[in-house]
Amino acid sequence: MGLGSKKFIRINYSENQIYIQTSINKHVHACGSVEEIQQNNIMYSNNKIYQTFLQYLHQVSPEPDPEVSSVVHSPNFNSTTYTTILRSNIRNRRFNTASTPKPTLIITPTKESHVQAAVLCAKNLGIQLLTRSGGHDYNGRSYVSHEKRFILLDMFNLHNVSVDIATETAVVQTGAQLGELYYRIWEKSKVHGFPAGVCPTVGVGGHVSGGGYGTMIRKYGLSVDHVVDARIVDANGRVLDRESMGEDLFWAVRGGGGASFGVVLSYTVKLVPVPKIHTVFLVSRTIAENAIDLVYKWQTAAPTIDRDLFIRVMLMPKVLNNKKTVQASFIAHFLGDSERLLKLMNESFPELQVKKEDCLEVNWVESVFFWANLDYKSPAAVLLDRHSDTVNFLIRKSDYVQTPISRLGWESIFNKLYELGKCGFYLNPYGGIMEEIPADATPCPHRAGNLFKIQYSMNWTEDDPELDGKYLNETRVLFEFMTKFVSKNPRGAFLNYRDLDIGVMVGTGESGYHSGRVYGEKYFKENFDRLVKVKTAVDPDNFFRTEQSIPPLPRVKTPEQFLFSRI
């Protein structure tokens, strides 16, 4: 249902009262005075918000809906389901503690109209609405807020995936996980795939709206490069597709962070061809086994080798045989058989000395399992398990490297990893088709000119609050140390690796805009200004907001307002 359809929701302000009229029952419902439902004027208790929210949901639903009450979860009224839902979809235990801010309500929509109602209700109550599709966001911004009260819209029930091999497309709801998308494609075809992440439990909504990439990035680019349509609920409660939202908004939700502009309901994606035979390998070397020289060579070989080949390097401090060292693990995905892979390696990267026995020939789904660190012979249906991963405490950051690092530089990096002892790197090569896609094709600008992307990786399992501060500091020390080796002006960052250290939105108006530019230019470079223009056009009141959302342009003051502000 959209506002331009025959069914409608009309919200009227009259004599300091808010009235809601729907086309379903033609009745006009008084919902109380403006002062009573504005959070800034009266601080509602959780009970009041819960009851008022239910009232709104019933009244703005496009048709009588007995399910409405069952999708609203409160810590006071149905605490068991509230707690289960909140915790079950958190993938970073740092944000699953007693001190972590909790949502006032959790909404678990089962149909699009529930999302529309949730947006309208939260907006008219003046309460922040957060949208969660998977919970893998590294700083928990889809379910944690600094605001006093917020509502969590958890999309996990909207996880349908419809694959059409005839058109080589799939319509995937944003509550689906990557594993579900991969499985549904595999059901229909053994020679189609989709270029996205290696972890099956990542939510489609956050992954795609932030850019998304996987082991086929050098062959096919980012996930958003294959989005051909989308459905969203905007700040006015309308359901829009590509045609009705327009190309500017469609451009923005493909890598600009969909939650800054609305609630993305689904993406229509174009599938890509994959061979019947894929080859993977994992080869590890320590400092004593020439790891420094190998990484030094990798940084120029991996971005220029055949685009069918993706070789990630994991650099991790290790204790092997009771001795500290740093280990470089080279993990590869090749779109082809081992014979052709070995030929390429012997031509472009012979120093790694990959042998036939190191290689494993698999199909596409088996390659997914291999990269997810699961048994590659697992039944494909394991991809439907929404909780197949291990949930740990973790910290992530990102960087881009555009100039080869000298061997002396790599030696200093290995020494720093050895010294710190816990934090490591995931190095992901670029090149291939990423050199050919314009920086403004989508909001994701980090394309040509990047040799590789760094993901800083810190994991631990001990439930000790002191470790959070200790490991966060270690990661920051390593990040600061890397300054001289990485991109500059601005120092780039990857949106899917959300990092609050690079800036947060402070205040509203001009302060919100200028503080938003600090992190916005790191994620989006020159594309930030276009994203701001789209945000200003579709959500000028900044209803859809987080600590790192796209800010709208400050409102222009009238001459009278300007003079008054100067008094």
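The values are calculated or read from the model by the stated rules, or taken from the named source; none is laboratory data. Given the structure is predicted, the values throughout are model-derived calculations rather than measurements. With ideal geometry, Cβ positions are generated from the backbone for all residues, glycine too; neighbour counts draw on all protein chains shown. Only protein heavy atoms, including side chains, enter the accessible area calculation; ligands, DNA and RNA are left aside. Shrake-Rupley method; radii C 1.70, N 1.55, O 1.52, S 1.80 Å.
Would you mind checking region 348-392 for residues with the amide N under 15 Å from a putative spin-label position 7 Å along Cα→C-beta of Arg340?
Residues passing the 15 Å test: 361-364.
Cα to Cα, under 22 Å, and not fewer than 8 places away if on the same chain: which lysines meet these conditions relative to Lys123?
Partners found: Lys7, Lys48, Lys102, Lys111, Lys148, Lys533, Lys535.
Counting alpha carbon pairs within less than 8 Å and at least 6 residues apart, what relative contact order, in whole percent, applies to region 161-273?
32 percent.
Grab the Cα-Cα distance for Thr100 and Asn373, subtract it from 0.36 nm times how many residues apart they are, and report the gain in nm with one decimal.
Full extension of this stretch gives 95.3 nm more.
If N is the number of residues in region 288-395, what value comes out of its Cα radius of gyration divided by 2.2 N^0.38 Å?
That works out to 1.23 for region 288-395.
Calculate, in nm to one decimal, what Lys276 and Lys188 gain on full extension: separation in residues at 0.36 nm each, minus their alpha carbon distance.
The span from Lys276 to Lys188 would gain 30.3 nm if fully extended.
Using every Cα-Cα pair within region 129-182, state what percent have a distance larger than 16 Å.
Summing the P(r) of region 129-182 above 16 Å gives 52 percent of all pairs.
Taking a threshold of 24 Å on the Cα-Cα distance, which of the pairs Lys377/Lys397; Lys318/Lys470; Lys453/Lys525 fall above it?
Too far apart for the 24 Å limit: Lys377/Lys397.
Could you do me a favour and compute the accessible area per residue for the chain, 1.4 Å probe, result in Å²?
On a per-residue basis, the chain sits at 41 Å².
If I model region 268-311 as equal point scatterers sitting on the Cα atoms and use the Debye formula, what is log10 I(q)/I(0) at q = 0.15, 0.19, 0.20, 0.34 Å⁻¹?
Scattering profile of region 268-311, log10 relative to I(0): -0.58, -0.77, -0.82, -1.18.
Peptides 219-229, 512-522: what's the order by average Cβ count within 10 Å, highest mean first?
Per-residue Cβ counts within 10 Å, averaged per peptide and sorted highest first, yield 219-229, 512-522.
Just need the relative contact order of the chain here, percent rounded to a whole number, with Cα pairs under 8 Å and 6+ apart.
That works out to 13 percent.
Work through the residues other than Asn46 whose Cβ is under 15 Å from its Cβ and net out their charges, Lys, Arg +1 and Asp, Glu -1.
My count for the surroundings of Asn46 gives +3.
Starting with the highest mean, order 460-470, 189-199 by the number of other Cβ atoms within 10 Å, averaged over the residues of each peptide.
Ranked by mean Cβ neighbours within 10 Å, highest first: 189-199, 460-470.
Take the alpha carbon atoms of region 145-189, find their center, do the same for region 402-477, and report the distance between the two centers in whole angstrom.
Here the answer is 28 Å between Cα centres.
At 0.36 nm per residue, and after removing the present C-alpha to C-alpha distance, how many nm does the segment from Ser79 to Ile165 gain when stretched out fully?
26.6 nm
Considering Cα pairs under 8 angstrom that are at least six residues apart, work out the relative contact order of region 36-154 and quote it in whole percent.
Once divided by the residue count of region 36-154, the mean separation gives 31 percent.
Provide the packing ranking of 114-122, 482-490, 380-388, i.e. peptides ordered by the mean count of other C-beta atoms within 10 Å per residue, highest first.
114-122, 380-388, 482-490
Compute the distribution of all C-alpha to C-alpha distances in the chain, in bins of 20 Å from 0, and list the percent of pairs in each, rounded to whole numbers.
20, 53, 23, 3
Quick check on the chain: helices-only [θ] at 222 nm, where DSSP H runs of length 4 and up contribute -39,500 (n - 2.57) each and the sum goes over total residues. Nearest 500, please.
My calculation for the chain gives -9000 deg cm²/dmol from helical runs alone.
Can you return the aspartates and glutamates within cross-link range of Lys276? Criterion is Cα-Cα under 12 Å, with same-chain partners fewer than 8 residues away left out.
Answer for Lys276, where 12 Å is the Cα cut-off: Asp337, Glu361, Glu366, listed by chain and number.
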